[in-house]
Amino acid sequence: VQETGFTLWFTGLSGSGKSTIANLLVKRFEEMGRYVELLDGDEVRLNLTKDLGFSKEDRDTNINRIAFVAKLLSRNGVIAITAAISPYSEARQRARGQIENFVEVYVSAPLKVCIDRDVKGLYAKALAGEIPNFTGVSDPYEVPTDAEIVVASHEQTPDESVEFILRRLAELELLRERVAA
Ligand code: ADX
């Protein structure tokens, strides 16, 4: 029996914790014996979308390509997890429209928290004007209004976010059994 595939579409500012939570989820799904593939923003940009920059047009193309791959995977029983900023709601809506079991996960963290974390040191550069069109600083981030799941990464640990997401997926009947917290 093939399991139900779905796409967990993470969205959130750079440094909000998308990749951290997504990587923990990959482990959990593997432990459940599921096929899972993570399309992480940075890794995708090194491969599938190496030709793209950060204009709105390029970001939209980036999202469209990720959505296409996620669609192919999840319709074959795989859990596809995407973790790109995906700042534009229209592009996210397009992805939602073409993927059957689409679950949007908004990792909400105030910009100030992401700036303070500055995991990659990019906010400092963006604030100094060294990186143009930086999301949250000099480029928009359109906050999701219809995300199935919202996790506040400044108010809970990554593990707590993971448990919350797994519970929500059980409620949405995308995971067969309820996972104990
Ligand atoms: S998206 O907008 O197209 O979804 P994506 O997640 O692939 O973005 O890439 C974002 C990552 O690229 C950031 O986490 C950061 O490491 C890096 N980056 C480089 N330049 C920018 C920029 N101008 N805006 C946002 N992120 C940038």
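The values are calculated or read from the model by the stated rules, or taken from the named source; none is laboratory data. Just so we're clear, the structure is a prediction, and the values are computed from it rather than from any experiment. Cβ: placed from backbone, ideal geometry, glycine included. Neighbour counts: every protein chain shown. The protein model used for the area step is the full one, side chains on, heavy atoms only, and it has no ligands, DNA or RNA in it. Shrake-Rupley method; radii C 1.70, N 1.55, O 1.52, S 1.80 Å.
For the range 120-181, the list of trypsin sites (Lys or Arg not before Pro) that fall in a loop by DSSP and count at most 13 other C-beta atoms within 10 angstrom reads LYS120, ARG176, ARG178. Taking every alpha-carbon pair within the range 48-119, the share separated by more than 20 Å comes to 38 percent. Each Lys and Arg Cβ is given +1 and each Asp and Glu Cβ -1; about its Cα centre, the chain then shows a dipole of about 200 debye. Normalised by residue count, the chain yields a Cα convex hull volume of 109 Å³ per residue.
Considering only VAL162, LEU111, LEU122, whose Cα is most displaced toward the positive end of the charge dipole of the range 110-181, charges sitting on Cβ of Lys, Arg (+1) and Asp, Glu (-1)? The listed residue farthest towards the positive side: LEU122. With 0.36 nm allotted per residue and the present C-alpha distance subtracted, the GLU3-SER138 stretch has 44.4 nm of extension available. If only the Cβ of Lys and Arg carry +1 and only the Cβ of Asp and Glu carry -1, the dipole of the range 1-102 around its Cα centre is close to 180 debye. Ranked by the mean number of other Cβ atoms within 10 Å per residue, highest first, peptides 64-76, 32-44 order as 64-76, 32-44. For the range 44-84, the Cα-based Rg and Dmax, in that order, read 10.9, 33 Å.
Work from the charge dipole of the chain (Cβ charges, +1 for Lys and Arg, -1 for Asp and Glu, about the Cα centre) and give the residue of ALA22, PHE134, ILE66 farthest towards its positive end. In the chain, that residue is ILE66. For the chain, the solvent-accessible area with a 1.4 angstrom probe is 51 square angstrom per residue.
Other residues within the sphere of radius under 13 Å centred on the Cβ of VAL44, judged by their own Cβ, net out at -1 (K and R +1, D and E -1). Expressed as a whole percent, the accessible surface of the range 17-115 that belongs to carbon and sulfur atoms is 52, based on a 1.4 Å probe.
Protein heavy-atom surface of the range 121-181, 1.4 angstrom probe: 49% of the accessible area is carbon and sulfur, with nucleic acids and ligands not counted. Here is the tail figure for the range 94-154: Cα pairs spaced more than 18 Å apart come to 48 percent of all pairs. Over 31 Å between C-alpha atoms is what I'm after, so list which of LYS50/LYS125; LYS71/LYS112; LYS71/LYS125 land there. Among LYS50/LYS125; LYS71/LYS112; LYS71/LYS125, the Cα-Cα distance tops 31 Å for LYS71/LYS112; LYS71/LYS125.
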